[in-house]
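Step one of this worksheet: look at the structure below.
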Amino acid sequence: MATKYNDPSPLEVRVISQRFQTPNSASIDTYLATEGYDGLKKAIAMTPDAIIDTLKASNLRGRGGAGFPTGMKWSFVPRTTGKPTYIICNSDESEPGTCKDRLLMEKDPHQLIEGMVIAGWTIKSKKGYIFIRGEYRYLIDIVDKALAEAYKKGFLGKNILGSGWDFDLYTHTGAGAYECGEESALLESLEGKRGIPRLKPPFPAVVGAFQCPTILNNTETFASIPVIFRKGAEWYANLGVPKSGGTRLTCVSGHVNKPGVYELPLGFPMMKLINEVCGGMRGGKKLKAVIPGGSSAPVLKAEECIDLTLDFDALAKAKTMAGSGGLVILDEDTDIVSVALRTIKFYAHESCGWCIPCREGTTWLKKIIGRLEDGGGVPSDIDLIGELAANMLGRTFCPLGDAAAMPIGAFVAKFRDEFEGKLKQTRATKKEPDLVVV
Amino acid sequence: MADPIKLTIDGQEVQSQPGVLLINAAKQVGISIPSFCYYDGLSLQAACRMCLVEVEKTPKLQVACTLPVAAGMVVHTDSPTVRQARKGTLEFLLTNHPLDCPVCDKGGECELQDMVFRYGAGESRFREIKQHVEEKQWSPVVFYDAPRCILCYRCVRICDEGLGVHALGIGNRGSSSEIIPNHGDHLECDECGACIDICPVGALTSGTYRYKTRPWEMEHIGTICTHCSNGCKTTLGIRNGEIIRANNRDKSGINGEFLCVKGRYGFDFNEHPSRLTSPLLKTANGELRPVSWAVALATVAKRFSEFVAKGGKFGVIGSNHTTNEENYLLQKFTRQILKTSNIDHHRTGDLLGLLAALRGRKNTLATTADLSTTKAALILDADLSQEHPLLAYLLRTNWRLNKAKVWAVTPGPVREDSYATTKRAALGEEFRALGELKDALAAEAELVILFGAAIKGLALAKLVAFGDSLGIPVKYVCLLDYSNSRGASDMGVLPDLLPGYHNIADGGLSPGLNYDEMLASPNLDALWVVGSNPFARRPSASANAFVVVQDLFLTETAKRANVVLPAASAYEKNGTVTNVCGGLQKLTRAAKTMGAKSDLDIIALLAKEMRTDWVTPTVETVFQEIKRLVLGYDLPLAAIETGGVATTTPATGELSYRAQPELVRSSGNTLFTSGTMSKYSEMLNSVMESPGALYHDPNKTQERAPLETTGQKK
C-alpha cells in the first residue's frame, strides 16, 4: 500500500521531504545518490559533546508535540553508568490530524535510520528500536527492508564505517493504543507490559528502556538530524525562527482545497498556509476555526489566526500549541459541538484508565456532549462541561488528560453559543435524558 | 542519615528527612492527606489523584504520595483549591460507581464512603447511564464486582509485591478498565484473600463473608489463628457467638496485615455441623451414645482411679494445638495424679535436638521479628511458602524492602526460587550443598537458618557445627507444624523432660514411654488422648486399653474411644500459645459451641471428680505456675495482654533426655491443610477442589475421608 501523496507547493522548503517525489525514494540507492548517510559520516568523526553542541546550535526542537530542545535532551543521557543504552524512535503517530511520520517512514526510511545511527554513535549505544504504531502495519515491511539494506551497506551492524562501533536497529509494533505515544508508556509497551505511563522523574534519558539510559525522540526529529550534520547547524537554524530551527512537516486536513503534508519553515504564517499553500477554503467558504497542533490543541477562532505564525512560541502565546504539527481547518458550516464530540470520543476511547480524572472525566464528557448533540441537553450541561474539563486539567497522571481537557475547554469557552444552540434542538433520536441511574 | 530539612505544611513548620514523601511527612505531624492508591510498603502509583496538594511556586497541584519533601517547601493541604480538587476527583469516581452501599459488604467500613463523607459533594451532577458489568467469581474465595472498583491497584500490588504470586492484572482500558485474573477466568493463587482485605471498597468480596452481615453488627475480637505454628494475630468478627469473618485490618501482632487462606477463611470448621456437642460413652454393644457431662466425667474418673489404685499402665498423648496452660496442666495431672511419665505429643520437628545441640550458646534462637530484620536467611529442607506462610511472607518482605539476602537449600522447587539464591539437594545431600555455599554464607553479616523436619538427630549437631564454622552470628528456627508444638515441648508434654526442660529426675520421676512406645504397648490400661488423632495412622493401636479422647470432632481416634469428651476450639477459649519462633501470644475467647468445654476445664473437672486436693485451676493460676517453673516464660504480660507477642527463651543448657529423632514426623501440611481442622473447613475443601492448581501439591494434600455429620450442632 502506497500512500497517495499530495502535490508539493512551491512555497515549501523541502528539506526532510526532499526525496518524497522521487521514484523509489525508499531505496538505499536513491538515498545514497542524494547525499544519504553523509551526515553520519560527518558525525562519526565528531565527539559526543560536539554532536550535542551541533544539535543545540541547530535549535532543533522535538517534533512529537512538546517541542523540547533535542540537543538538551541528549545531553541528559548519562554516558558513564556502565549500563547498556538504547535509542528509541517514537513512530506511534496517533494524534488525530497528524500523518507525517508515516510519510517519513514510507518515503524516506533511510533518513530516519541515519538519524538514529547518529544518536546511537553519540552515546555509544548498541541497540535501538523503531516503535511503529500498530495500525501502520504496512510500514513495518518498508522499514525492515530499509534496515536490511543499511546492514548490507555497513551503516548498521558491526564496525560501522570502520569506527569499531556496533549498532543494531529493530522495528517493533505498537498494539493499538494512543497512550503508547507517551514516551514512558511506549517504553512499557516495548518491554512487553501494559501500555501505561511511568512515574516521572526519572525521565527516559536516565531510566528508560529496560531501566537503562535512553534517547527517545519522534520520527520527524530523528529524520531531521542527518541534514543538520550534512549542511551545518547554522544553516538549519536559519531555516526557522530564533529558538525553533529548521522546517517542519505540517499536516493540513479539513475544509481547504488542497489538504496534505507540507514542509514549511518554523514560523510560517498560518493564513498564508491556508490561502496559498492549501489553495484556500473549499468552496469559497469562510474560515471558522483552526485546530493548530493535532486534536489536543485548543481551537483558534478565525480572527485569532490572522497574524499568527506556526512555531512553538507563537502558538503558546496564543494559548494553544504547535503540538504534532497537524492542522485541522474548519469552515463556517462546521458544527463545533460535533467536532467536540468527535474529539472527546477519541480521548475517552484512548484513555488508558490509569488515573481517575482522565478515565472517568473523558467518559463523562463524552456522554454529556453526546447527549447535547443528540438534542437531550439541559442548560446546566454547558457549564458542567467546562467545569469537568477544568477538573481534569493539570490533575491527571500523564498529558493525555490535558490533551482531552484542553480542546474541550476551548470549544466551550470560544463557541459557547453553539453549545447553547443545541439546547433549542429537539432530541433527534431519543426521549428525555435518563435521570434514572441504571 | 542526612541532615533534616525544614518545610511548612499548613502553616506548621515541619522537620523531615530529604527523600521522605510529602504524604508521610504530613502524617508525621498529624496532617492526613487522603489517598486510595498510596499504601505503605507497596510501590507508588499516583493513580487516584486524591492526594493532590498545593505547593507554593509550582504551577499545578502536586501529588503528595510521590513528591519527596524539599527544604523550604510551603505546602497547603486544605486550601479551597485542594478541597475543590478532591471533590472533583470523588465526583469522577462516583460517576460509574453503583452506589449500592445499602447492600454492599463494605458499607460502613468503606474508604470511598468515608472519603465522600469527608470531602465529597452531597449531590451528583451525573445524569448519564452508568456502565454496568456483571459480577464475577474467580474462586470459591474471591468475587469481583467491577463497577464498584476504583482501580487503586492495591490488590494487584499486594499479590505481586507482597505475596509474589502475580495472580492479578489489569484488563481493558479507559473507563472499561478492570482487575482481571492473570490466568483466564479463575485465580491461580494461594487464595489468601489479601486482595480482598486490602480493597478500599466493596469490589473484592469473599465467599465466606459476602452478604452475611453488616459490619456494625459484629463484635471484633483479636485472637491467634491456630491452623499452623506461625501464630498470626487475627481479628474475628463475631455475631451472635458465631464467627463471620477473620482478618487483621488493624495490622497488629506479629503478622501485620498478613493472613493466609487458613487464617482468613479456614475458621468455618468451628461451625461445622459435625462438631461434638455432647460427651459420648461407648455402650456394651460398642456404640457411642450421647451422655451428660456428669456421667462421662464420673465414668472416666472412676476408671482412672481404679487404674491408679492398682498401679495400672497409663498412656497420655497431648496435643500440639492446645494452650500452654492446658498442656502444662495435662502433664501435671499425668505426673501427679496418674503417677506416670508416659506422656508425649506428636513431634513435628526436632526441637529437642536443636536445644541440645545449642547448649551453652546464648541468643541463638531466632524470634519472629528477627525474620523481618535479619540481613540474611537460609531455608533448609522446607517448603516455607506452603508450610509456614507467615515466615515466608516476612522473609520475602525483608528481601523486598530491606534487600535481605535469602538462601534456600531444598529437595524440590520452592516459591522462594523467584527471589532467593537456591540450590537443589536431595534429602541427605543437603550438607554437601551447604558446603558449596559456605564461603558465600560466611560473607553475610548474620544468618537465620530455618530448617525442616528432615534435619534431626545427628544432623542437628552437624548443622550447628556448620553455623559455628561460618564465623558470623547465626540463629536458628526449628520449623514445627502445629499451633502450639513449641508450647507442648516447653510445657513438658514429654516422657523424659519436665516443664522448662528440667531433668525428670529433679521431680523424683523416671522417664516414661514415648509416643510410639505407648501406642505399640499391648498392655496399656488406659490411653488418654487430648487433641490428637494417633489412630488415623495406627488403626489397631491400644486395642485393649480404656480410651478417653478429648476432641472437636469424631476423629478416627475418637471413634474407637470408650469416652469422648467434646472440646472447645482455640477460638473458644482463653490461654496462651507459643509460636514456632517462641513468641508467646494470647488466645481470647470469641465464639462458643454449646456443650463443648475447654481442655483446661475438662482436666480440672476430672481432677475434682477424682477427689484430688487440687485447687480448681484457672487459666490465670496455671499461667502463674508456668511463669514460675518454665524457663523463659517469666515475661512481662502487658504486651501479650494487648494482643502483642512476648518472646520466650527456653533453656539452652545440657538436656537430659533420650534422643529419639525417629519420633519426628512432619505432618506435611500445605497452605490448605492443617490436619483435622482443615478437613472440616468447607472453604478450604472447596478451594482445593476448584480449578487453579498452581500451588496445590497432590502428593502433599492429605487424603480427605468423607465427612460424617452427627447432626449435633445447629
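Tell me the residue from B:VAL74, B:VAL55, B:VAL63 that is over 40 Å from the mean Cα position of the chain (by Cα) and within 14 Å of chain A (Cβ to nearest Cβ), please. After ruling out the rest, the residue left standing is B:VAL55.
Rundown of residues vs (1) within 21 Å of the chain's Cα centre (by Cα); (2) part of a loop (DSSP other than H, G, I, E, B); (3) within 16 Å of B:ASP344 (Cβ to Cβ), yes/no style:
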residue	(1), (2), (3)
B:PRO495	no, yes, yes
B:MET518	no, no, yes
B:ALA543	no, yes, no
B:TYR571	yes, no, no
B:ALA604	no, no, no
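Please work out if B:ALA382 is buried (at least 24 other Cβ atoms within 10 Å of the Cβ) and either touching a residue at least 12 places away in the same chain (Cβ under 8 Å) or over 24 Å from the mean Cα position of the chain (by Cα) (or both). Answer is yes for this residue. When we screen A:ALA50, A:ALA45 for residues that are out of contact with any helix residue (DSSP H, G or I) (no Cβ under 7 Å at 6 or more places or on another chain), exposed (fewer than 15 other Cβ atoms within 10 Å of the Cβ) and not in a helix (DSSP H, G or I), the only hit is A:ALA45. Of note, A:LYS258 does not satisfy the criterion of being surrounded by fewer than 24 Cβ atoms within 10 Å (Cβ to Cβ), modelled with pLDDT of 95 or more and either touching a His at 6+ places or on another chain (Cβ under 6 Å) or outside any loop (DSSP other than H, G, I, E, B) (or both).
The one condition from (1) touching a helix residue (DSSP H, G or I) at 6+ places or on another chain (Cβ under 7 Å); (2) modelled with pLDDT under 95; (3) within 30 Å of B:PRO80 (Cβ to Cβ) that B:MET115 does not meet is (2).
Checked against the criterion of being facing chain A (nearest Cβ under 9 Å), out of contact with any strand residue (DSSP E or B) (no Cβ under 8 Å at 6 or more places or on another chain) and among the acidic types (Asp, Glu), the candidates B:GLU111, B:GLU91 yield just one match: B:GLU91.
Residues checked against (1) buried (at least 17 other Cβ atoms within 10 Å of the Cβ); (2) assigned by TED's automatic domain parsing to the domain that holds B:ARG359; (3) in contact with a strand residue (DSSP E or B) (Cβ under 7 Å, 6 or more places away or on another chain); (4) modelled with pLDDT of 95 or more:
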residue: B:PRO473; (1), (2), (3), (4): no, yes, no, yes
residue: B:SER483; (1), (2), (3), (4): yes, no, yes, no
residue: B:LEU497; (1), (2), (3), (4): yes, no, no, no
residue: B:GLY507; (1), (2), (3), (4): no, no, yes, no
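Per the conditions (1) assigned by TED's automatic domain parsing to the domain that holds A:LEU187; (2) part of a helix (DSSP H, G or I); (3) crowded, with 19+ Cβ neighbours inside 10 Å, the sole criterion not satisfied by A:ILE274 is (1).
Name the residue that is nearest to the other protein chains (Cβ to nearest Cβ), counting only residues in the stretch A:372-394 that are in contact with a Lys or Arg (Cβ under 8 Å, 6 or more places away or on another chain) and either acidic (Asp, Glu) or crowded, with 18+ Cβ neighbours inside 10 Å (or both). Per the stated criteria, the residue is A:LEU384.
Conditions tested, residue by residue: (1) without any contact (Cβ under 8 Å) to a residue 12 or more places away in the chain; (2) on the phi < 0 side of the Ramachandran plot.
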| site | (1), (2) |
| --- | --- |
| A:TRP74 | no, yes |
| A:ARG79 | no, yes |
| A:GLY82 | yes, no |
| A:GLY97 | no, no |
| A:LYS100 | no, yes |
| A:LYS107 | no, yes |
| A:MET116 | no, yes |
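Look at the stretch B:668-689: where a residue is assigned to a helix (DSSP H, G or I) and a partner is among the hydroxyl-bearing types (Ser, Thr, Tyr), sitting 6+ places away or on another chain with Cβ atoms under 6 Å, you get B:THR676/B:THR555; B:MET683/B:THR208; B:MET683/B:TYR265; B:LEU684/B:SER678. Scanning the stretch B:320-339 for residues that are at pLDDT 95 or above, part of a loop (DSSP other than H, G, I, E, B) and surrounded by 24 or more Cβ atoms within 10 Å (Cβ to Cβ) gives B:THR322, B:THR323. If the condition is being within 20 Å of A:MET392 (Cα to Cα), in contact with a Cys (Cβ under 8 Å, 6 or more places away or on another chain) and free of Cβ contacts under 8 Å to residues at least 40 places away in the same chain, then the stretch B:41-78 contributes B:ALA46, B:CYS51, B:VAL63. Each residue in the stretch B:588-597 was checked for being under 16 Å from B:THR223 (Cβ atoms) and surrounded by fewer than 24 Cβ atoms within 10 Å (Cβ to Cβ), and 5 of them qualify.
Within the stretch B:122-145, is even one residue touching a residue at least 40 places away in the same chain (Cβ under 8 Å) and more than 30 Å from B:GLU188 (Cα to Cα)? No: the stretch B:122-145 contains no residue that is touching a residue at least 40 places away in the same chain (Cβ under 8 Å) and more than 30 Å from B:GLU188 (Cα to Cα). Evaluation of B:ASP383 against the conditions (1) at pLDDT 95 or above; (2) touching a helix residue (DSSP H, G or I) at 6+ places or on another chain (Cβ under 9 Å) shows that the sole unmet condition is (1).
Here is a yes/no grid of residues against (1) free of Cβ contacts under 8 Å to residues at least 60 places away in the same chain; (2) surrounded by fewer than 24 Cβ atoms within 10 Å (Cβ to Cβ); (3) not small (Gly, Ala, Ser):
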{"site": "B:GLU242", "(1), (2), (3)": "no, yes, yes"}
{"site": "B:ALA246", "(1), (2), (3)": "yes, no, no"}
{"site": "B:LYS251", "(1), (2), (3)": "yes, yes, yes"}
{"site": "B:GLY256", "(1), (2), (3)": "yes, yes, no"}
{"site": "B:PHE267", "(1), (2), (3)": "no, no, yes"}
{"site": "B:ASN270", "(1), (2), (3)": "no, no, yes"}
{"site": "B:SER274", "(1), (2), (3)": "no, yes, no"}
{"site": "B:THR277", "(1), (2), (3)": "no, yes, yes"}
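Step by step: first the residues of the stretch B:633-684, then only those that are modelled with pLDDT of 80 or more and β-branched (Val, Ile, Thr), then the one that is surrounded by the most Cβ atoms within 10 Å (Cβ to Cβ). Which residue is that? My answer is B:THR673.
The values are calculated or read from the model by the stated rules, or taken from the named source; none is laboratory data. Worth saying up front: this structure is predicted, and the values here are computed from it rather than measured. All Cβ positions, even for glycine, are placed from backbone atoms using ideal geometry, and neighbour counts span all protein chains on display.
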